[in-house]
Amino acid sequence: NSMGVFYIILPVREIEEGERIDRYRYKFRIDGVWTYDTANRLSQDDGLGSVYSEYQLDREDTRRQITVRVLPEKDKKKDRLIEFAIYLPSAKNLSLVGEFNGWDPEHDLMEKGSDGIFRLRMRLKPGSYAYKYVADGRWILDRYNQQTRYLKDKDELCSFIEVK
């Protein structure tokens, strides 16, 4: 991005159905040189005179790994019913911003349920839409939506939904 930050989102790998890999070893390659993550205290000897950094996944509560979705309807209409949802129990206020509301943080305020999940339903015409959330004044991505892309006119990463 414009700040020189590089990142990649990797899906959790499964060995077999339901059994996942929960420990990952990694290194960074910077200007052609392999190095470990100096900000991560968890590391392991790589047997070659250096170390691997290690990442341990937390236990997952898959009920909280929710994201935006197109809701099924018996009678399909031209506009589709979309549910935006995100688990943010520590947030006090959350709004949805995107191409569909002019990026206005006061337009679509979301309601927080007792489960810590904010939800909002709206109708959208078929198309591709960029969006973000505004949590207590901070603009954030939808953490479980893998459809994240760079939006040139905003000069930043945004979450996307494809409405068909």
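Just so you know, all these numbers are worked out from the coordinates, no wet-lab data involved. On a predicted model such as this, the values are computed, not experimentally measured, just so you know. We place every Cβ from the backbone using ideal geometry, glycine too, and count neighbours over all the protein chains shown.
Taking the convex hull of the alpha carbon positions in the chain and averaging its projected area over all directions gives 13.4 nm².
For the chain, lysine pairs separated by 8 or more sequence positions, or belonging to different chains, with Cα-Cα distances below 15 Å total 10. A simple packing score, the average count of other Cβ atoms within 10 Å per residue, orders the peptides 69-76, 130-137, 141-148 as 130-137, 141-148, 69-76, with the highest score first. Under the simplified labelling scheme, the Tyr7-Leu157 pair shows an inter-label distance of 0.4 nm, with each label point 7 Å from Cα along Cα→Cβ. In sequence order, region 91-98 has phi-based couplings of 6, 8, 10, 9, 10, 9, 10, x Hz under the Karplus curve 6.51 cos²θ - 1.76 cosθ + 1.60, θ = phi - 60°, and Gly or Pro positions carry x.
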